[in-house]
1. Compute for the stretch 305-410: radius of gyration divided by Kirkwood radius, i.e. Rg/Rh, restricted to C-alpha atoms, rounded to two decimals.
2. How much of the pair distance distribution for the stretch 357-410 lies past 14 Å, counting alpha-carbon pairs only, in percent?
3. Where q = 0.18, 0.20 Å⁻¹, what log10 of I(q)/I(0) comes from the Debye formula for the stretch 103-153, counting one point per Cα?
4. Find how many whole Å separate the alpha carbon centroid of the stretch 118-152 from the alpha carbon centroid of the stretch 170-216.
5. Can you check what the Kirkwood hydrodynamic radius comes to for the stretch 145-201, Cα pairs only, in Å to one decimal?
6. What is the sum of charges, Lys and Arg at +1 and Asp and Glu at -1, for the other residues whose Cβ falls under 9 Å from the Cβ of residue 194?
7. Going highest first, how would you order 191-201, 281-291 by mean Cβ packing within 10 Å?
8. Rank by packing, highest mean first: peptides 362-371, 379-388, 54-63, 215-224, with packing defined as the count of other Cβ atoms within 10 Å averaged across residues.
Amino acid sequence: MKLHAISRALTCTFIGAMAPTVLFAETGMNPNISAVINVGYTDRSDFHGIGNLPIDGDHSAGPDDGFWLDHTELALSAAFDEMFYGKVTTVLEEHDGSTEVELEEAFVQTMAMPYGLSVRGGRFMSNLGYLNSKHTHTDNYVDRPLVYRAFVGSHYYDDGVRLNWIAPTETYIELGAEAFKGGQFPAAASSNIGATNVYAKFGDDFDESNSWQAGISWLRTDNDFGECSTHDHGDDHDDHDDHDDHDDHDDHDDHGFEFGACDFDGNKDFYVADFVWKWAPNGNYKYQSLTWQSEYFYVKEDGWYGEEHEGAFERELRQDDHNTGWYSSVVYRWSPNWSAGIRYSELKPSDTYSDGFKPKATDLMVDWNYSHFATVRLQYTRDESMEDMDDDIFSIQFVGSMGAHGAHLF
């Protein structure tokens, strides 16, 4: 069976590859229960931000210093009947000594629509880019690349609806559109629909050993003052200097205004391109494989930065500019138990945030898998995300899966 055909089935999720009647008979009265344990230890300096970008606090920070519990999941999934499938995923995370419980997924999806169509509604992860729709415990590294942590707080999920179509063609073609409430970073909307995303994915086989997938997506978010919520436990802007109103951000070369994740009022457009190439001798990934993946983000902001005074939003700085970022990763598996990888991430903030400084990070990792369900990973990160504050970060991580799990996406 060709790799792109397998990818097509997996992208529909594992439920789309089964007959609905069989799935309902097996899970309707016996739902799948699964858990993922993600624990580790990290030696690092205190997190001070990513450049001068307005980020979503804890979710952009990466692993905490010392022992940590991060993104541990408990999931429940089953078919309601022959037409609908549902899944609920809760996530436990620890920040500053307190444990948080978040509802990351709670959605229903159709299983028997014609012509390759499917609809998903509820809370789910957006199909923005390549990594965003995947659970972080499936990553090849301890944390998400710098571009994801800076622009979308590691991953964007929200309440909404998705329409997806997979073409009945030899080449894998997937098209889709999403509409969200806009209640999660990087969106902060007061309207019923505060974020929209459209995407396209394509893939095929070069030969029996090589396959590829490429994608493009466009996410637009509304950001209305007074609607933002952030996971940052600290204040976004503890203290500000007095400012006069300006129409041009060139007057702020000294960056006296400190930008917070909740200080923007306007629209943001995220244009993302991704490409993945996978090699495995004769398509057998168990014993040897090589994966190269890269993504590029172009983020355009159109609005104002400001702060609250006596219950009103006071505009401080006009922002009509863009930020860019990218990462590239190579992971090589030389046996069923061992693999290693290298990843490089870099951002280019606009002059509003930075006078030419480009945050960047380089990651080196090696992991050992006793089985498909347990991974021990060592990672070294050279973090240069803050000017004049370089950091050498060392992490050890254990990721273990229990219970029933659907097949991983391409």
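1. Details: Rg = 20.4 Å, Rh = 17.6 Å.
Value, to two decimals: 1.16.
2. Here the tail beyond 14 Å accounts for 64 percent of pairs.
3. -0.72, -0.83
4. Here the answer is 11 Å between Cα centres.
5. Working: mean 1/r = 0.0783 Å⁻¹.
12.8 Å is the Kirkwood radius here.
6. Values: positive: 181; negative: 158, 222, 224, 227.
Spelling it out: positives minus negatives among the neighbours equals -3.
7. Working: 191-201: 18.3, 281-291: 14.1.
Put in order of decreasing packing, that is 191-201, 281-291.
8. On the way: 362-371: 16.0, 379-388: 18.1, 54-63: 23.7, 215-224: 20.7.
Packing order, densest peptide first, comes out as 54-63, 215-224, 379-388, 362-371.
The values are calculated or read from the model by the stated rules, or taken from the named source; none is laboratory data. Remember, it's a predicted structure, so these values are computed and weren't measured experimentally. Neighbour counts are summed over all protein chains in view; Cβ atoms, including those assigned to glycine, are modelled from backbone coordinates with ideal geometry. Surface areas here come from the heavy atoms of the whole protein model, side chains and all, with no ligands, DNA or RNA. Shrake-Rupley method; radii C 1.70, N 1.55, O 1.52, S 1.80 Å.
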